[in-house]
Amino acid sequence: MEKSCKQIEYTNNISVENYNALRKAVNWISVNEKRAAIALKNSFYLCVAVCDGNPVGMARIVSDGGYTYFITDVIVHPDYQGYHIGTELITRVLDYIEKDVLDGETIMISLMAAYNRESFYERFGFHTRPFGNHGSGMSMWFSRDINGKVTPL
């Protein structure tokens, strides 16, 4: 960790610019400013790790408000990986969900682990799919160019 960073603080907001800077730091695609602002605003919960005023990690939850919670955008800047920031982010996210669940309820928490990061989430009780009666997790990205042509990525 940078020597000037004596303590990581946790907050619940991040600018679109800093959000995309974190995404870029881990080689993820940049999200259009308008879409990123909507996504961040509509997060069920957002947790951001800050060092000396700079976001160095984040995680957020998207939820339908019912029984489904999706953990997404779990990012720790490469310069700050290995210092348990990711563990703290996931712990805070799961604690938030736990407080939201009522007695007698069963809810589902899902996520899509980055490539070769499954073991990190298994420590928290997540199962690598396929598991039991659950098939493989799947995702799809597509892009529309300025001429309106849609291309799967």
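The values are calculated or read from the model by the stated rules, or taken from the named source; none is laboratory data. Everything quoted here is computed from the prediction, not taken from an experiment. Methodologically, a virtual Cβ is constructed for each residue, glycine included, from the backbone with ideal geometry; neighbour enumeration extends over all protein chains shown.
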By residue number, the members of region 120-153 that are hydroxyl-bearing (Ser, Thr, Tyr) and surrounded by 10 or more Cβ atoms within 10 Å (Cβ to Cβ) are TYR121, THR128, SER143
Taking region 102-114 and keeping residues more than 17 Å from ILE75 (Cβ to Cβ) and in a loop (DSSP other than H, G, I, E, B) leaves LEU102, ASP103, GLY104, GLU105, THR106, ILE107
If we keep only residues of region 33-60 that are part of a loop (DSSP other than H, G, I, E, B) and modelled with pLDDT of 95 or more, then the residue surrounded by the most Cβ atoms within 10 Å (Cβ to Cβ) is SER43
In region 61-72, residues that are surrounded by 18 or more Cβ atoms within 10 Å (Cβ to Cβ) and either touching a Lys or Arg at 6+ places or on another chain (Cβ under 9 Å) or at pLDDT below 95 (or both) total 1
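Across region 115-136, what is the number of residues that are part of a loop (DSSP other than H, G, I, E, B) and touching a strand residue (DSSP E or B) at 6+ places or on another chain (Cβ under 8 Å)?
Here the count works out to 2.
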Checking ILE85, ILE109, ILE90, ILE75 in turn, the sole residue that is modelled with pLDDT of 95 or more and farther than 20 Å from GLU9 by Cβ turns out to be ILE109
When restricted to ASP79, ASP73, the only residue outside any loop (DSSP other than H, G, I, E, B), touching a residue at least 60 places away in the same chain (Cβ under 8 Å) and within 24 Å of VAL26 (Cβ to Cβ) is ASP79
Checked pairs for region 92-112, first closer than 18 Å to HIS127 by Cα, second of a type in the set (Val, Ile, Thr) and part of a helix (DSSP H, G or I), C-beta under 7 Å and 6 or more apart or across chains, list as ILE109/ILE97
Of (1) surrounded by 14 or more Cβ atoms within 10 Å (Cβ to Cβ); (2) in contact with a Phe, Trp or Tyr (Cβ under 8 Å, 6 or more places away or on another chain), VAL76 satisfies every one except (2)
Checked region 48-73 for anything among the charged types (D, E, K, R) and touching a Phe, Trp or Tyr at 6+ places or on another chain (Cβ under 6 Å); matches are none
query = Does region 9-20 include one or more residues that are assigned to a strand (DSSP E or B) and surrounded by 12 or more Cβ atoms within 10 Å (Cβ to Cβ)?
reply = yes
Checked region 59-91 for anything within 16 Å of TYR121 (Cβ to Cβ) and among the aliphatic types (A, V, I, L, M); matches are ALA59, ILE61, ILE71, VAL74, ILE75, VAL76, ILE85, LEU89, ILE90
